[in-house]
Amino acid sequence: MKASKFLSRGMAILLVAFMLLFFVPLAFTAKAEYDDPGATQFVFSDSGITVTEGDYTGYEIEGTALTLKGAGTYVVSGSCTDGSIKVKKNTKGVTLILNDLTLTSFDTAPIACNKSTEVILVAAPGTSNTLTDSAYNNDDIYPDNGNAENAVIKCKDGSQVTICGTGTLNVNSNGKNGIKSGSTTEAEGEAWLHIKDVTMNITVVVNDGINAEQLLFIESGNITVSAADDGIHSDYTMNIGEAGTEGPTINITNSYEGIEAATLNIYSGNVQVKATDDGMNAANSDLTNYPFSMNFYGGTVYVLAENGDGVDSNGSITVSGGSVTIWSRSTSDNQPLDADGTITITGGTVLAAGGSSGMGLHMNSNSQPYVTYGRSGMGGGPGGPGGPGGPGNPQQPQINIPMGSEFSIRDTSGNTIYSGTTVYNTRYIFFSSRTLISGNSYTLYSGNTSVATSTAQGTNPPPETMHTVTFVDWNGNVLAQQQVEHGGSAIPPQAPLRMYWLFSGWIGNYTEVTEDVTIVAGYVRLGDVDESDSVDTTDALIILRYAMNILEPSEFEQQLADIDRDGDVDVIDAIVVLRHAIGIVEIPY
């Protein structure tokens with residue numbers, strides 16, 4: 001019945017679909033948001049660059065050097081031992097897709113985004129891409145090299161660059177930096193570097209893994225850095241993660257200083273840092289009278305500092321959520337937690353410990369309770385506005401817990417508040433958590449041996465407030481309302497069925513709730529397999545490729561493509577969508 005219904009008028013349409021399949025160039029097998037059938041494609045080799053023309057002709061080729069000078073989608077693949085890609089100054093709207101590209105450049109950057117450019121750099125899903133420079137790409141050492149860009153990926157002043165995609169990008173720097181982003185200037189405009197989704201492995205033998213002169217935003221992805229100097233650096237602002245999201249996974253396996261910015265904000269993610277000097281810094285020696293700050297809003301942070309401070313701010317440190325664990329080995333002046341200004345802890349969990357004999361903490365009097373072990377007399381801080389500094393802790397006996405020892409902090413009833421394993425020989429421990437009660441005593445144990453007792457300082461937090469989480473359908477009709485404690489999570493209801501649409505998930509954050517919030521049921525139209533908010537010929541082409549096993553749909557994509565709901569994606573589904581797209585039939589919505 002299915003065939004007889006459609007084949008009488010569908011053979012011509014099917015022929016058109018097959019022509020689309022075989023004669024329209026496919027940029028790459030990737031997520032629909034990056035799939036542009038009209039993309040211009042380049043294949044690099046040592047002998048030159050071959051081109052498959054698409055809709056975008058704003059490019060020039062000279063040997064193995066590609067220059068993009070017009071907006072469009074450009075796909076690059078192949079392998080070349082001395083080539084480069086440059087986006088010309090003031091060029092906007094460039095999407096550059098790396099599709100299994102291996103590109104090495106001798107005297108310049110493999111990829112350079114010149115001044116005032118707007119570029120989306122995509123590591124195509126399922127691909128592995130490698131960019132490498134040479135030691136000659138450093139004009140500090142080789143001043144005669146006029147082509148040096150001092151980075152494998154160079155983004156100049158006024159450039160706005162997003163590095164994304166779900167593929168892998170390997171950056172190997174033998175010159176100076178791995179990735180370098182420029183400044184905001186009056187002449188060139190606002191500059192920023194935005195990283196999301198991508199898996200990135202950065203190895204740098206001279207300088208920084210990632211260096212931004214203005215704004216660096218690492219939203220998500222999986223980033224591993226081994227650097228000779230800073231792992232990740234921003235002269236001004238660095239934002240890691242977003243509130244209510246999983247955030248990125250960042251692993252700095254080797255660095256001199258791990259993460260540094262004048263203003264460092266961590267909203268979410270899993271951040272691990274290993275540094276020979278300071279682990280994390282809020283600093284910039286070129287700035288004076290700047291309000292340096294380091295702010296932990298969420299996520300999990302783990303810092304190992306071999307010879308410097310664990311976490312060090314030339315201004316303030318604020319912790320309002322998440323988990324922060326800091327270990328520093330140094331027994332000299334360096335400390336696991338150090339701020340020139342005030343330290344304020346109003347949420348989350350903080351453990352700062354190591355070889356230092358103590359810390360001169362300036363704790364805000366409004367901070368949540370904390371205990372210290374292994375220091376003789378800790379001074380209070382200047383306090384918050386309108387409040388005195390926190391009281392000094394009574395004198396503490398010296399402690400010395402060997403590296404690799406199990407330790408715990410217990411209340412007077414013997415309940416374990418925190419437990420862990422010492423990373424270095426430990427002479428000092430600072431711990432803060434909402435589970436502590438100011439004025440109560442807590443004992444530090446090494447194994448089952450009591451080491452020292454401390455009275456919790458700080459201010460007990462106010463009782464948790466309640467928030468309303470409202471779940472609504474696509475028309476705003478209320479499906480459920482729940483009362484959730486501050487920082488708690490709601491349980492979403494069953495999403496209602498919607499004819500000719502598929503439920504794609506709840507829009508909004510209903511975990512770690514901090515305010516009243518409305519959560520909307522999200523849906524995608526049946527047939528809209530690229531999720532572009534329209535059912536068009538691109539969807540028909542993709543469904544046809546599913547039917548012919550050229551592309552492998554996800555489970556959700558298969559449900560979107562199965563127009564007649566017979567449990568199978570076939571040519572008839574593609575025909576129906578194509579007929580809808582060209583106005584022959586109407587799929588009801």
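The values are calculated or read from the model by the stated rules, or taken from the named source; none is laboratory data. Remember, predicted model here, so these are calculated numbers, not experimental data. Reconstructed Cβ throughout: ideal geometry from the backbone, glycine too, with neighbour counts over all protein chains shown. Please note that ligands, DNA and RNA were not included when accessible areas were found on the heavy atoms of the full protein model with its side chains. Shrake-Rupley method; radii C 1.70, N 1.55, O 1.52, S 1.80 Å.
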Segment 466-523: GluC sites (Glu not before Pro) in DSSP coil with no more than 12 other Cβ atoms inside 10 Å: GLU515
Protein-only accessible surface order, largest first, of THR81, THR455, THR73 at 1.4 Å: THR81, THR455, THR73
Gain upon complete extension [GLU306, SER450; 0.36 nm per residue less C-alpha separation]: 49.1 nm
Nearest-10 value in Å² for the accessible area of ARG565, using the 1.4 Å probe: 120 Å²
DSSP beta bridge pairing in the chain, given as percent antiparallel to the nearest 5: 25 percent
Residue order for TYR373, TYR297 - accessible surface, 1.4 angstrom probe, largest first: TYR297, TYR373
Amide N of segment 434-460 lying under 11 Å from the label point, which is placed 7 angstrom from the Cα of ASN415 along Cα→Cβ: 435-437
Cβ-placed point charges (K, R +1; D, E -1), dipole of segment 486-589 about Cα centre in debye, nearest 20: 200 debye
Residue among ILE563, LEU578, PRO553 farthest towards the positive dipole end of segment 539-581, charges placed on Cβ: LEU578
Accessible-area value, ILE401, 1.4 Å probe, nucleic acids and ligands omitted, Å²: 0 Å²
Net charge of neighbours whose Cβ lies under 11 Å from the Cβ of CYS155, counting Lys and Arg as +1 and Asp and Glu as -1: 0
DSSP H segments from the chain that extend 20 Å or more along their own axis, Cα-based, with Kyte-Doolittle mean of 0.0 or above: 2-23
Inter-centroid distance (Cα atoms) of segment 114-191 relative to segment 453-499, Å: 42 Å
Dipole in debye (nearest 20) - the chain, about Cα centre, beta carbon charges: Lys, Arg +1; Asp, Glu -1: 980 debye
Label-point separation, THR184 to MET548 (7 Å along Cα→Cβ), nm: 4.9 nm
Heavy atoms of TRP192: accessible area, 1.4 Å probe, square angstrom to 10: 70 Å²
Förster radius 41 Å - calculated FRET efficiency between GLN481 and SER534 (Cβ-Cβ, nearest 0.05): 0.75
Stretch gain in nm, segment LYS89-GLU464, where the contour uses 0.36 nm per residue and the Cα spacing is subtracted: 129.7 nm
Order of exposure, largest accessible area first, which applies to ARG434, ARG427, ARG545 with probe 1.4 Å: ARG434, ARG427, ARG545
Spin-label model distance (nm) - THR245 vs MET403, 7 Å beyond Cα toward Cβ: 3.8 nm
Proximal aspartates and glutamates to LYS89, defined as alpha-carbon separation beneath 15 angstrom and excluding residues fewer than eight positions away on the same chain: GLU60, GLU118, GLU149, ASP157, GLU188, GLU190
Estimated distance in nm for a label pair at ALA65 and ASP46, the labels positioned 7 Å out from Cα along Cα-to-Cβ: 2.1 nm
Selection of GluC sites (Glu not before Pro), segment 213-280, meeting DSSP coil and at most 15 other Cβ within 10 Å: GLU246
Residue-averaged 222 nm ellipticity for the chain, from DSSP H runs of 4+ at -39500 (n - 2.57), nearest 500: -2500 deg cm²/dmol
